[in-house]
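The values are calculated or read from the model by the stated rules, or taken from the named source; none is laboratory data. Because the structure is predicted, anything quoted here is derived from the model rather than measured. As a convention, Cβ positions derive from the backbone with ideal geometry for all residues, glycine included, and neighbour counts pool all protein chains shown. Please note that ligands, DNA and RNA were not included when accessible areas were found on the heavy atoms of the full protein model with its side chains. Shrake-Rupley method; radii C 1.70, N 1.55, O 1.52, S 1.80 Å.
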2 protein chains.
Amino acid sequence: MRSYLDACGITRALDVVGERWAIPVIRELIFGPRRYSDLDTALPGVSTNILGARLKELVKAGVVVKRRLAPPTPANVYELTPWGAALEPVLIELGRWGSRTAVDLSHQALSASSLALSLKTTFDAHAAAGVELDAQLVMGEDCFGVHIGSGVLTIGRDAPHTGRASGLRLHADPPTMASYVYQGLEAAGTAFDVIRIEGSRGSAELFTRCFTLPEPPTKGTL
Amino acid sequence: MRSYLDACGITRALDVVGERWAIPVIRELIFGPRRYSDLDTALPGVSTNILGARLKELVKAGVVVKRRLAPPTPANVYELTPWGAALEPVLIELGRWGSRTAVDLSHQALSASSLALSLKTTFDAHAAAGVELDAQLVMGEDCFGVHIGSGVLTIGRDAPHTGRASGLRLHADPPTMASYVYQGLEAAGTAFDVIRIEGSRGSAELFTRCFTLPEPPTKGTL
DNA sequence: CAGCATCCCGATTGATACTG
DNA sequence: CAGTATCAATCGGGATGCTG
């Protein structure tokens, strides 16, 4: 196992999660356990052997645990340990920094977990002051429940169609959802079936206004 | 240039700073411009060709700028752009997470920048409540000025022997300095010349108490 | 289908030598 | 001092095949 051989905390962290695909794998596990195939499909571009190798390394390092679900639906899942889950602030900060690069949201992959995490990085507590609402984001198989209240955002995986009599439910694939939240309805396309909004137009407005992309980097010299 | 081809902010960040040695290089630049040879010696283990390649890539990406210093001491230096400097929260969080792994502080490299950054990640505002002091940390050529006041830590490079009539000045190489701050005088060794403390024993106590290592990870399941 | 192991190839890294 | 050039070793990516 490759190491920087450096006592610095940063390089010691990189010794564990610095290999290619390690952070993206952890990103997919942030909202709860996932199966091998979930990870494989959520991470387009990763080779199956690399995915297996990373999971094995992360398990050995104590970042991830492999667990078998109870008999109703027996399946092997990978899950973050408490230490692994403590990487969330790192991911948030990384995402906040990286979101300040231009990108064509179409023609690139975007997993449901990525979108959900991005809401955490772009949540604007100031803009959300006074807002109190529940929403459900349905992206194919992946469904997330969102609560905004007291300037705090809570988001987690949710069973579809189980929303708490939610005032708002959005159906779209992740890239379309991102376009809608960050760039408005017109950017998300208006074709039937691309995005479906259940709830008042007002609550949808209220929701999207709580999330703002950071400014792109100023190219000026220091 | 290799890319995750993923619209997620996290992977876009990794497209820029995810290659091996990129983050350590940025760590060395956090406290200001450095020359090529400074980086080379502060990063034991990096090959000069890799260092050159990373710097070139980081410059092209807009994270780093190459600049020539004014004629008194003309030298090429590398410096973070504002966008690059915005990586500091990422490094802080990474360091905080990574510092929770066991390590033998001796027999591993530790650069002066690493130690200075680690003070930022381990600063305990609660423990520093009511503390008001200036200190200077002298580690060979590298000298840092530290100010603690109002529960806030300020740290930056400083010209040696220019301290503001500082109440405290510590001389040691970075690993010894780390041992002293985090594990106390006995761990730092008591041999003459290993560590030199100018100032009252009380202020040194006050200083070190402001920094606490996080707890090691609990190995229990989630 | 879940979870890998294998094989091959191109890309990246690392150590060293070398140049302006 | 400040890098570039060279070359061997390793790693990542993709396809394929195996096993329960």
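Things worth noting here:
- Of the criteria (1) within 12 Å of DNA strand C (Cβ to nearest atom); (2) open to solvent by 40 Å² or more (accessible area, probe 1.4 Å), which one A:PRO44 fails: (1)
- Qualifying residue in the stretch A:150-157 (condition: among the hydroxyl-bearing types (Ser, Thr, Tyr), open to solvent by 20 Å² or more (accessible area, probe 1.4 Å) and more than 13 Å from chain B (Cβ to nearest Cβ)): yes
- Test for A:THR162: is it open to solvent by 30 Å² or more (accessible area, probe 1.4 Å), modelled with pLDDT of 95 or more and either among the aromatic types (Phe, Trp, Tyr) or over 29 Å from B:VAL63 (Cβ atoms) (or both): no
- Residue check for B:ALA125: outside any helix (DSSP H, G or I), more than 14 Å from every other protein chain (Cβ to nearest Cβ) and surrounded by fewer than 18 Cβ atoms within 10 Å (Cβ to Cβ): yes
- Selection count, the stretch B:91-122, where residues are more than 18 Å from B:ASP158 (Cβ to Cβ), more than 7 Å from chain A (Cβ to nearest Cβ) and small (Gly, Ala, Ser): 2
- Checking each residue in the stretch B:70-99 for being open to solvent by 60 Å² or more (accessible area, probe 1.4 Å) and either in the same structural domain as B:THR122 (by TED's automatic domain parsing) or among the hydrophobic types (A, V, I, L, M, F, W, C) (or both) picks out only B:ALA70.
- Exactly one residue among A:VAL25, A:VAL63 is among the hydrophobic types (A, V, I, L, M, F, W, C) and within 13 Å of DNA strand C (Cβ to nearest atom), and that residue is A:VAL25.
- Pairs, first more than 14 Å from chain B (Cβ to nearest Cβ) and under 17 Å from A:ARG35 (Cβ atoms) in the stretch A:48-60, second part of a helix (DSSP H, G or I) and within 7 Å of DNA strand C (Cβ to nearest atom), C-beta under 9 Å, six or more apart: A:THR48/A:TYR36; A:GLY52/A:TYR36; A:LEU55/A:TYR36
- Condition met for B:ILE50 (more than 15 Å from DNA strand D (Cβ to nearest atom) and either β-branched (Val, Ile, Thr) or under 19 Å from A:ILE92 (Cβ atoms) (or both)): no
- Every test in (1) touching a helix residue (DSSP H, G or I) at 6+ places or on another chain (Cβ under 9 Å); (2) on the phi < 0 side of the Ramachandran plot is passed by A:GLY140 save one, and that test is (2).
- When B:LYS56, B:LYS66, B:LYS60 are checked against the criterion of being open to solvent by 40 Å² or more (accessible area, probe 1.4 Å), under 27 Å from B:ARG12 (Cβ atoms), touching a helix residue (DSSP H, G or I) at 6+ places or on another chain (Cβ under 6 Å) and within 16 Å of DNA strand D (Cβ to nearest atom), B:LYS66 stands alone in meeting it.
- Conditions (1) more than 29 Å from A:ASP104 (Cβ to Cβ); (2) within 11 Å of chain A (Cβ to nearest Cβ); (3) away from DNA strand C (no atom under 15 Å from the Cβ); (4) touching a residue at least 12 places away in the same chain (Cβ under 8 Å); number of the one not met by B:GLU88: (1)
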